[in-house]
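The structure appears below as structure tokens.
The values are calculated or read from the model by the stated rules, or taken from the named source; none is laboratory data. Given the structure is predicted, the values throughout are model-derived calculations rather than measurements. Every residue, glycine among them, receives a Cβ derived from its backbone with ideal geometry; neighbour counts consider all protein chains shown.
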Amino acid sequence: MTADPFTYRIESPADSPEIDILHAEAFGPGRFARAAFRLREGVPHVPELSFVATAEDALVASVRLTPILIGERPALLLGPLAVKPAYKGQGAGKGLVRMSAEEARRMGHAILLLVGDLPYYGPLGFEQLAPYAITLPAAVDPERVLVSGLVPGALDGLSGAARPLPPVMTTAEA
């Protein structure tokens with residue numbers, strides 16, 4: 001087994017312009033209509049759970065986690081996960097998924113949700129629930145709705161509409 005050629009770190013605010021370009025290149029303008037984008041829309045990602053991979057001091061991949069609800073249960077939406085084409089298939093994406101899931105678990109989160117391919121994400125701990133157990137704010141193939149329980153029993157009875165986590169109001173705003 002060869003050594004991982006990537007360096008992983010928490011995303012910094014200075015990375016945002018490069019990440020925006022990476023997302024545009026990876027997903028194109030159609031990304032704004034996708035179910036996962038609509039679920040993230042208007043909700044900031046969790047900075048301490050958003051990571052980048054670099055190679056030779058260049059940002060080559062990123063992943064972000066965003067707080068959501070599934071039914072009434074808190075969860076995190078994993079994505080977008082984006083890797084520059086020249087680095088696909090080399091492990092950067094899987095390394096980012098593993099790192100973000102482990103850090104989310106360490107911070108007390110129990111559930112991750114994503115829209116993706118089971119052959120890629122299954123070995124990373126993701127699985128399908130019954131079709132339409134979880135609905136998203138836009139049409140999506142139910143076989144691509146995947147979840148990972150970060151603690152035992154986290155997925156028991158999990159169902160409902162996935163939606164953005166409402167902002168917390170302070171007493172001054174109420």
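Here are a few things to note about the model shown:
- Matching residues, region 7-41, being modelled with pLDDT of 85 or more and more than 24 Å from LEU112 (Cα to Cα): ALA14, PRO17, GLU18, ILE21
- Taken over region 121-133, the criterion of being assigned to a helix (DSSP H, G or I) and farther than 25 Å from GLU48 by Cβ is satisfied by GLY122, PRO123.
- Considering (1) touching a residue at least 12 places away in the same chain (Cβ under 8 Å); (2) of a type in the set (D, E, K, R); (3) loosely packed, with under 14 Cβ neighbours inside 10 Å, the lone condition that ASP156 does not fulfil carries the number (1).
- Strands (runs of 3 or more DSSP E) within region 1-118 that include 3 or more residues crowded, with 17+ Cβ neighbours inside 10 Å: 51-55, 58-70, 73-83, 111-115
- Residue within region 129-139 that is among the hydroxyl-bearing types (Ser, Thr, Tyr), buried (at least 21 other Cβ atoms within 10 Å of the Cβ) and farther than 25 Å from SER12 by Cα present: no
- Near pairs, Cβ below 8 angstrom, 6+ apart or cross-chain, from region 24-45 (under 19 Å from PRO142 (Cβ atoms) and of a type in the set (Gly, Ala, Ser)) to any residue that is modelled with pLDDT of 75 or more and loosely packed, with under 12 Cβ neighbours inside 10 Å: ALA35/ALA139
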